[in-house]
Amino acid sequence: MKKFKFGKIEIKPIEPGQLNERLLLINLYITQGLALLIGLIVVFFQKQSLMKLFELPEGLGFLYWGAGLAGLMFTIDLVLSKVIPEESMDDGGINEMLFRKRPVWHIILIAAFVAICEELLFRGAIQHAIGPYWTSIIFAIIHIRYLKHWIPTGWVFLSSYGLGYIYIHSGTLWAPIVCHFIIDLVSGMIIRFRRAR
């Protein structure tokens with residue numbers, strides 16, 4: 001892959017082994033900030049109301065949708081972890097590096113920021129334009145670290161489709177945001193507090 005230079009900034013591809021915690025965190029916040037910015041721009045040009053997208057619904061139905069899908073996804077993930085070889089689900093150690101030494105408050109912040117940014121872009125903007133199927137394909141491609149193995153790529157696609165499904169059926173962006181937040185939060189906490197092997 002080519003190197004690109006923008007003034008004094010040089011952009012070049014790196015392998016997960018070349019990352020350190022600081023660089024990974026910077027990369028996370030930059031990519032999520034870009035997702036938020038692109039989502040806001042697309043929503044603006046779609047002439048959707050941002051206030052309506054983020055309006056809290058009456059009742060707790062969106063929490064049931066979000067927590068219910070998160071519970072289902074954790075159950076399926078647990079079953080997969082028992083029957084699939086660990087190396088087939090490998091993300092190159094990215095999640096381990098991101099969460100292992102992170103304080104609890106920062107894991108909560110990361111989970112909330114990622115959930116809001118990605119769900120605004122993928123469910124609020126892209127799914128609005130092209131539907132849940134194509135949105136889920138894009139979502140799986142964006143999570144490039146999983147593309148080395150077909151099982152995690154398929155799992156990311158199905159997870160995204162599930163998020164799109166609950167967005168449609170709950171009628172609120174808060175359902176997939178809650179689900180995404182719970183998944184990232186619980187996954188981050190498991191990594192953070194898991195005993196060293």
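The values are calculated or read from the model by the stated rules, or taken from the named source; none is laboratory data. Computed from a predicted structure; not experimentally measured. Here the Cβ is made from the backbone with ideal geometry for all residues, glycine too, and neighbour counts use every protein chain on show. Ligands, DNA and RNA are excluded from the accessible area calculation, which covers all protein heavy atoms including side chains. Shrake-Rupley method; radii C 1.70, N 1.55, O 1.52, S 1.80 Å.
Results for (1) among the β-branched types (Val, Ile, Thr); (2) modelled with pLDDT under 95; (3) more than 18 Å from residue 156 (Cα to Cα), shown as yes or no for each residue.
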position	(1), (2), (3)
75	yes, no, no
79	yes, yes, no
88	no, yes, no
92	no, yes, no
95	no, yes, no
111	no, no, no
115	no, no, no
119	no, no, no
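Number of residues in segment 139-186 that are modelled with pLDDT of 95 or more and more than 30 Å from residue 48 (Cβ to Cβ): the value is 1. Scanning segment 38-67 for residues that are in a helix (DSSP H, G or I) and open to solvent by 90 Å² or more (accessible area, probe 1.4 Å) turns up 44, 45, 51, 52, 64, 65. Just one of the listed residues (133, 167) is over 13 Å from the mean Cα position of the chain (by Cα) and surrounded by fewer than 24 Cβ atoms within 10 Å (Cβ to Cβ), and it is 133.
Please determine, by comparing only the residues of segment 62-101 that are over 20 Å from residue 164 (Cβ atoms) and among the charged types (D, E, K, R), which one is nearest to the chain's Cα centre (by Cα). Only one residue tops the list, namely 91.
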